[in-house]
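Read through the structure below, which is laid out as structure tokens, and then see the notes.
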There are 2 protein chains.
Amino acid sequence: MILFRKVAILGAGLLGASLGKALKKFGAAQSVEVWSRSESTREKCLRQAWCDKVSETPQQCVKDADLVVLCATINAIEEHMRLIAPALKGGAIVTDVGSTKAHLCSVAEDAFKDSAGVFVGSHPMAGSEKSGLEYASGELFVGRPCFITPAAGAGDKVFDAAKKLDELWRALGSDTRTITPDLHDRIVARISHLPHILAANLSALTGEQPDAADLAFAASSGFRDTTRVAGGSPDMWRSIISTNKTEILKALADYRGKIDSFIKALDESDFEMTNSVLEAGRKFRNGLDAK
Amino acid sequence: MILFRKVAILGAGLLGASLGKALKKFGAAQSVEVWSRSESTREKCLRQAWCDKVSETPQQCVKDADLVVLCATINAIEEHMRLIAPALKGGAIVTDVGSTKAHLCSVAEDAFKDSAGVFVGSHPMAGSEKSGLEYASGELFVGRPCFITPAAGAGDKVFDAAKKLDELWRALGSDTRTITPDLHDRIVARISHLPHILAANLSALTGEQPDAADLAFAASSGFRDTTRVAGGSPDMWRSIISTNKTEILKALADYRGKIDSFIKALDESDFEMTNSVLEAGRKFRNGLDAK
């Protein structure tokens with residue numbers, strides 16, 4: 001079912017290109033128009049079946065669009081918000097796919113205050129350690145969680161837009177949930193940013209050991225799974241970490257407390273306690289697979 | 001090529017049954033005989049094509065065996081060493097598949113001091129979060145690292161046995177390396193036990209949050225990969241942790257230091273430093289895939 005006549009996508013990396021593919025695959029958009037900063041990416045997009053038109057500027061791209069999706073890095077999303085706000089048609093819905101929401105939603109509140117369009121954040125949790133148009137898939141969002149984050153206390157216009165976005169992401173196969181930007185940031189700090197930081201630190205620590213080559217030899221599926229996310233782009237993570245610093249620090253402090261207790265128990269040979277952590281860890285982890 | 005005429009396998013869980021299958025698949029043994037504590041497992045083994053005979057006791061099973069492989073948990077392996085030592089024929093080689101080596105090798109030194117057989121530890125790193133005969137695969141060892149751990153300063157008889165075991169694990173597809181039990185325990189503490197403990201603590205911490213259900217909803221591939229090993233059996237890990245306590249404590253202390261530095265840098269908004277950790281983590285992790 002066509003939910004939006006014209007969709008403008010700003011940024012054609014893994015998420016932007018996958019969104020373009022998915023919109024056509026599931027018949028949710030009549031026309032998909034793309035802008036990318038890079039000319040070579042714009043040329044690649046023109047050769048894609050899902051892409052109807054490519055624009056030279058963000059402002060041109062969003063003209064007459066019913067939905068605009070900001071698919072660049074967090075810093076670029078901020079910049080694009082300010083560029084496109086005056087160029088939107090009345091009633092246009094703008095969303096983004098950034099991994100942190102409180103910061104971006106507060107930037108949006110300012111950027112769109114005089115705009116004819118309305119902004120509501122989205123976060124389809126469909127990343128990958130791969131990046132770029134080449135890895136795009138129209139099924140990227142299928143079965144993945146997606147948050148829609150209208151600002152707390154926003155008016156009817158915002159909530160109507162949130163409802164429309166909920167329909168859209170469901171149409172692309174996501175499991176959606178609508179929550180406040182602040183609650184979103186707490187959740188992703190704990191379920192996405194913390195695991196990423198822990199994996200990166202584990203991988204970095206291993207790599208700086210004098211016998212790193214022997215450790216690499218012995219790295220079997222356990223180590224590889226545990227550190228897989230550490231293979232992703234640090235640049236993308238820089239802006240995630242800086243825009244969700246407070247919640248990440250809380251999650252890290254809790255984790256350090258947990259590790260401290262484990263170290264103390266192991267040092268005292270309290271294997272009942274260490275085992276209880278392993279049991280609790282197994283219980284939560286196996287519960288995820290049972291879902 | 002047949003490397004051993006008769007192989008006795010004590011314990012028919014994932015590793016024991018996979019070893020039996022692999023020995024026949026790669027033609028490395030003429031006959032495979034199994035003992036298992038559980039009668040129902042013994043009956044299941046009898047119905048397996050790779051199993052030539054099932055014994056009622058460990059002592060019967062190892063009689064006339066050219067190679068004995070101890071495939072139970074660490075505690076049971078210790079017990080089996082003492083039971084079989086007097087029952088071995090001259091020149092029989094005994095090995096095990098336990099995940100820690102210094103403790104087991106020192107138990108073996110005592111257990112086999114008057115035996116006609118010779119003990120050398122092995123550690124095929126081919127575990128899985130699955131356990132049990134049902135998941136056995138003759139390809140389990142293919143492409144996986146395997147350590148052979150003759151005691152430091154051992155005599156010719158031990159080194160000849162280590163060489164024979166090296167041939168065996170290679171025949172089953174493993175990448176082998178021969179090192180001392182102490183060095184082995186340092187390596188696995190850092191590449192296997194530390195990741196397991198970190199993943200279990202992350203999963204346990206997440207499960208004890210008041211909004212654990214929302215966190216489970218948002219758990220995408222990143223969290224699932226990072227905590228996959230936490231789904232494994234805590235009972236197996238109890239003995240691993242207790243027999244490799246010293247090296248695990250060293251690894252955990254190093255990791256805590258790393259996390260402390262990261263927390264400090266993030267708290268001070270030193271994003272150059274946090275990014276350098278993510279970069280180092282990516283470099284080591286991607287190096288593993290390039291191998």
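The values are calculated or read from the model by the stated rules, or taken from the named source; none is laboratory data. Bear in mind the structure is a predicted one, so any value in this text is a computation, not a measurement. Quick reminder, even Gly has a Cβ in these numbers, built from the backbone with ideal geometry, and neighbours come from all protein chains shown.
Determine which member of the set B:K264, B:K245, B:K283, B:K258 is of a type in the set (D, E, K, R), in contact with a helix residue (DSSP H, G or I) (Cβ under 8 Å, 6 or more places away or on another chain) and surrounded by fewer than 16 Cβ atoms within 10 Å (Cβ to Cβ).
B:K283
Farther than 20 Å from B:D185 by Cβ, in contact with a Cys (Cβ under 8 Å, 6 or more places away or on another chain) and surrounded by fewer than 19 Cβ atoms within 10 Å (Cβ to Cβ): does that describe B:S137?
No, not satisfied.
Kindly indicate which of B:G138, B:G127 is in a loop (DSSP other than H, G, I, E, B), more than 14 Å from chain A (Cβ to nearest Cβ) and among the small types (G, A, S).
The conditions single out B:G138.
Specify the residue that is surrounded by the fewest Cβ atoms within 10 Å (Cβ to Cβ); the eligible residues are those in the range B:164-204 that are hydroxyl-bearing (S, T, Y) and part of a helix (DSSP H, G or I).
Ranking the qualifying residues of the range B:164-204, first place goes to B:S192.
Pick out, from the range B:217-291, the helices (runs of 4 or more DSSP H) lying fully within it that include 2 or more residues that are under 16 Å from A:G207 (Cα atoms) and at the interface with chain A (Cβ under 7 Å from one of its Cβ atoms).
Hits in the range B:217-291: B:245-267, B:271-290.
hydroxyl-bearing (S, T, Y) and within 11 Å of chain B (Cβ to nearest Cβ): is that true of A:S115 in this structure?
Criteria not met by A:S115.
Would you check if there is a residue in the range B:36-43 being part of a helix (DSSP H, G or I) and in contact (Cβ under 8 Å) with a residue 60 or more places away in the chain?
Yes, some residue in the range B:36-43 is part of a helix (DSSP H, G or I) and in contact (Cβ under 8 Å) with a residue 60 or more places away in the chain.
Test each condition in (1) in contact with a Lys or Arg (Cβ under 8 Å, 6 or more places away or on another chain); (2) at pLDDT 95 or above; (3) among the hydroxyl-bearing types (S, T, Y) for A:T243 and report the one that comes out false.
If we test A:T243 against (1) in contact with a Lys or Arg (Cβ under 8 Å, 6 or more places away or on another chain); (2) at pLDDT 95 or above; (3) among the hydroxyl-bearing types (S, T, Y), just (1) comes out false.
What residue, among those in the range B:173-216 that are touching a residue at least 60 places away in the same chain (Cβ under 8 Å) and in contact with a Phe, Trp or Tyr (Cβ under 7 Å, 6 or more places away or on another chain), is farthest from the other protein chains (Cβ to nearest Cβ)?
That would be B:G173.
Given the options B:A161, B:A152, B:A102, name the one that is touching a residue at least 12 places away in the same chain (Cβ under 8 Å) and buried (at least 22 other Cβ atoms within 10 Å of the Cβ).
None of the other options fit; the residue is B:A161.
Working only within the range B:262-291, note down all residues that are in contact with a Pro (Cβ under 8 Å, 6 or more places away or on another chain) and of a type in the set (D, E).
B:E279
Can we say A:L23 is assigned to a helix (DSSP H, G or I), more than 20 Å from A:K130 (Cα to Cα), touching a residue at least 60 places away in the same chain (Cβ under 8 Å) and under 22 Å from the mean Cα position of the chain (by Cα)?
For A:L23, the condition - assigned to a helix (DSSP H, G or I), more than 20 Å from A:K130 (Cα to Cα), touching a residue at least 60 places away in the same chain (Cβ under 8 Å) and under 22 Å from the mean Cα position of the chain (by Cα) - is met.
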